[in-house]
Amino acid sequence: MENNNTAAPQRKPVVFSAIQPTSVPTIGNYFGAFKNWSNMAEDYDCLFAVADLHAITVRNEPAMLRKQTKEMFALLLSLDLKPEKNIIFIQSHVPAHAELSWILNCYTQFGEASRMTQFKEKSQKHADNINIGLFAYPTLMAADILLYQTNFVPVGADQKQHLEITRDIAERFNGIYGNTFAVPEPLIGKSGSRIMSLQDPAQKMSKSDPNPKASVSMLDTPDMIVKKFKSAVTDSEAVVRYADGKDGINNLMSIYSCCTGSDFDAIEREFDGKGYGEFKLAVAEAVISNLKPVQEKYNKIVNDAAYLKECAAKGAEAANYVSGKTLNKVMKKVGLLLK
Ligand code: TYM
């Protein structure tokens, strides 16, 4: 038998994900994305980015966008993402993202991009600014992912369609030019992949919801968190159980499950005979203790401009190196003359 012990160590699977710096992330982002990112940080080769180029598909106040980008970057450094071994960076610091996205635009059909539900929703919401960037949003996302030969993309359920088009683009390109990109798999968590608004549990919890009681931000104080959960919309049955027609309670149970790891049966047993008031308080407390270490680290580093700058430069350098290899390969394949 051949001795395989001398074989080169296997490359770890690559994980990529990103978040837009639109405002302070909610617990939807935390449970739908960040928690899963942290869980993968040890065992995979991970890249996590602040997607500032995606953010300019809608109008922003420039100084505010810069501030939010810096704060989102500080927040990523406050999660347990193992920055000593993984790459954490700001998308616009790595020009290959914009360059590859242009090339991928030329391999994406108008019809398939037109089917993206996020494009349809955002065009309605920003009817005075339906720009080409908004339309090409998914090809920039595909570039983000494909540049790193990504195997897994941990995201919330709302990004599923963007992952499907990314896979289609990768397979099409590989079909024409031979193996160029790894074809990525979305990783969508069982609980937490769709945290709903506390005021209208039929709607996704969103950073941009104008009703402040609808969403819990990752930087809310314990008092604010308790208040928001106390006023969460529920139903009149007063029994903590997961069932159709109980969207508010189902959502609170999902949040509690993400915080504690308990499944729905265990939660039903834990709160058997107890009222909604007690349950809401328990959910609030579980959220507060989940967020506490992140908030503490964030408050320590967010005003340390030198540290943030140094981390951003380090992340950009590493991401530039890895992405440059894929970009060169792609440029060669499509017939662009290399320098
Ligand atoms: P963004 O900034 O809207 O959200 C970041 C992540 O949070 C998840 N998420 C949620 N999960 C559960 N419940 C919710 N209510 C909720 N709201 C948001 C999102 O699914 C996402 O995983 N286009 C992306 C950013 C992006 C990206 C990428 C993601 C740019 N390039 C490449 C993955 C790979 C976005 O706008 O996410």
Point to revise | Close pairs (6 angstrom Cβ cut-off, 6 or more residues apart or separate chains): over 24 Å from residue 325 (Cβ atoms) and touching a residue at least 40 places away in the same chain (Cβ under 8 Å) in the stretch 140-166, open to solvent by less than 10 Å² (accessible area, probe 1.4 Å) and within 8 Å of the ligand (Cβ to nearest atom) anywhere | key: 156/32
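Quick grid of which residues meet (1) assigned by TED's automatic domain parsing to the domain that holds residue 293; (2) part of a loop (DSSP other than H, G, I, E, B):
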{"site": "164", "(1), (2)": "no, no"}
{"site": "171", "(1), (2)": "no, no"}
{"site": "175", "(1), (2)": "no, no"}
{"site": "183", "(1), (2)": "no, yes"}
{"site": "207", "(1), (2)": "no, yes"}
{"site": "235", "(1), (2)": "yes, yes"}
{"site": "240", "(1), (2)": "yes, yes"}
{"site": "243", "(1), (2)": "yes, yes"}
{"site": "250", "(1), (2)": "yes, no"}
Exercise for review: Kindly indicate whether any position in the stretch 176-186 is touching a Phe, Trp or Tyr at 6+ places or on another chain (Cβ under 8 Å), of a type in the set (Gly, Ala, Ser) and more than 9 Å from the ligand (Cβ to nearest atom).
Suggested key: no
Exercise for review: Go through the stretch 33-64 and count every residue that is of a type in the set (A, V, I, L, M), in contact with a Gly (Cβ under 9 Å, 6 or more places away or on another chain) and within 8 Å of the ligand (Cβ to nearest atom).
Suggested key: 2
Review point. Among the residues of the stretch 8-32 satisfying the criterion of being near the ligand (Cβ under 6 Å from one of its atoms) and open to solvent by 30 Å² or more (accessible area, probe 1.4 Å), which is nearest to residue 146 (Cα to Cα)?
Key: 18
Exercise for review: Take the stretch 36-69 and flag every residue that is farther than 18 Å from residue 185 by Cα and either surrounded by fewer than 19 Cβ atoms within 10 Å (Cβ to Cβ) or among the basic types (Lys, Arg) (or both).
Suggested key: 42, 56, 58, 59, 60, 61, 62, 63, 64, 65, 66, 67
Practice item. Can you run down the residue pairs with Cβ atoms below 6 Å, 6 or more apart or on separate chains, where the first is in the stretch 210-223 and under 21 Å from residue 32 (Cβ atoms) and the partner is open to solvent by 70 Å² or more (accessible area, probe 1.4 Å) and of a type in the set (D, E, K, R)? Key: none
Exercise for review: State whether the residues of the stretch 245-252 include one that is over 24 Å from residue 225 (Cα atoms), out of contact with any Phe, Trp or Tyr (no Cβ under 9 Å at 6 or more places or on another chain) and open to solvent by less than 30 Å² (accessible area, probe 1.4 Å).
Suggested key: no
Point to revise | Which listed residue, of 262, 257, 236, is over 16 Å from residue 191 (Cβ atoms) and among the hydroxyl-bearing types (Ser, Thr, Tyr) | key: 236
Exercise for review: Might you check whether a residue that is modelled with pLDDT under 95, assigned by TED's automatic domain parsing to the domain that holds residue 48 and open to solvent by less than 30 Å² (accessible area, probe 1.4 Å) occurs anywhere in the stretch 117-132?
Suggested key: yes
Check your understanding: Looking at the stretch 190-206, which of the residues that are within 8 Å of the ligand (Cβ to nearest atom) and open to solvent by 50 Å² or more (accessible area, probe 1.4 Å) is nearest to residue 161 (Cα to Cα)?
Key -> 194
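The values are calculated or read from the model by the stated rules, or taken from the named source; none is laboratory data. All of these numbers come straight from a predicted model, not from anything done at the bench. No Cβ is skipped: glycine too gets one built from the backbone with ideal geometry, and neighbour counts run over all protein chains shown. Protein only, heavy atoms only, side chains kept; ligands, DNA and RNA dropped before computing areas. Shrake-Rupley method; radii C 1.70, N 1.55, O 1.52, S 1.80 Å.
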